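The values are calculated or read from the model by the stated rules, or taken from the named source; none is laboratory data. Bear in mind that the values here come from a model prediction, so they are computed numbers and not experimental data. Cβ sites come from the backbone with ideal geometry, for glycine too, and all protein chains shown count toward neighbours. Surface areas here come from the heavy atoms of the whole protein model, side chains and all, with no ligands, DNA or RNA. Shrake-Rupley method; radii C 1.70, N 1.55, O 1.52, S 1.80 Å.
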Amino acid sequence: MDKKELTKRLNEDLAGELGAIIQYLTYAAKATGPYRPQLAQFFLAEVADEQLHAQYLANKIVALGGEPATVPRPVPPAKNNREMLQAVLEAERKATADYTQRARDAEAFGDKGLAVQLEDMVRDESGHSEETERILRDWPV
Ligand SMILES: [Fe+2]
Ligand SMILES: [Fe+2]
């Protein structure tokens, strides 16, 4: 794992975080029905976490001599609460898998601090996906 490849992969992760911020902001606005207050609050609460992840990644990419991505990963379309929650679950599972791999990449590159931070992010993202999975578990049809 060389610096160039690691930076490229971290930039893909950063694009994912920028997309997650937009996804949660948009879904919070789009939530409807009797669960709107809780759903909007749930989505907005995630924005803060994803912003911290994005900030960390942007700083690390610059530290590695790279240029941080500014183009977000596209937000999946979703036309109701259930579809939004399913899209969120999918994105959070992908983030968990990506950071699990990225922590290994950081170890291979020899940056222990980055590996530890990415493992913290695995914990954050798996927490997000577990919470979303529990909301969806008894979601009315
Ligand atoms: Fe994140
Ligand atoms: Fe997340």
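Counting just the residues of the stretch 36-95 that are in a helix (DSSP H, G or I) and of a type in the set (Lys, Arg), which one comes out farthest from ligand 1 (Cβ to nearest atom)?
ARG36
Of the residues examined, ASP120 is not one that is open to solvent by less than 40 Å² (accessible area, probe 1.4 Å), under 23 Å from GLU5 (Cα atoms) and among the acidic types (Asp, Glu).
Please enumerate the residues belonging to the stretch 76-108 that are of a type outside the set (D, E, K, R) and either in contact with a strand residue (DSSP E or B) (Cβ under 8 Å, 6 or more places away or on another chain) or buried (at least 18 other Cβ atoms within 10 Å of the Cβ) (or both).
At the first step, the residues of the stretch 76-108 found to be of a type outside the set (D, E, K, R) are 76-78, 80-81, 84-89, 91, 95-97, 99-101, 103, 106, 108.
Listed by number, the residues that qualify are ASN81, MET84, LEU85, VAL88, LEU89, ALA91, ALA95, THR96, TYR99, ALA103, ALA106.
In this entry, ALA115 is excluded by the filter for residues that are surrounded by 16 or more Cβ atoms within 10 Å (Cβ to Cβ) and either out of contact with any helix residue (DSSP H, G or I) (no Cβ under 7 Å at 6 or more places or on another chain) or not in a helix (DSSP H, G or I) (or both). Check whether at least one residue in the stretch 25-35 is outside any loop (DSSP other than H, G, I, E, B) and of a type in the set (S, T, N, Q), and report yes or no. Yes: the stretch 25-35 contains one or more residues that are outside any loop (DSSP other than H, G, I, E, B) and of a type in the set (S, T, N, Q). Being touching a residue at least 24 places away in the same chain (Cβ under 8 Å) and surrounded by 13 or more Cβ atoms within 10 Å (Cβ to Cβ) holds for only one residue in ALA40, ALA45, ALA69, ALA28, and it is ALA69. Number of residues in the stretch 4-25 that are away from ligand 1 (no atom under 16 Å from the Cβ) and open to solvent by 10 Å² or more (accessible area, probe 1.4 Å): the value is 4.
If you go through the stretch 48-61, how many residues are open to solvent by 60 Å² or more (accessible area, probe 1.4 Å) and more than 13 Å from the chain's Cα centre (by Cα)? The number of residues fulfilling the criteria is 1.
Looking at ALA103, is it of a type in the set (A, V, I, L, M, F, W, C) and within 12 Å of ligand 1 (Cβ to nearest atom)?
Numbers: of a type in the set (A, V, I, L, M, F, W, C): yes; within 12 Å of ligand 1 (Cβ to nearest atom): no.
Criteria not met by ALA103.
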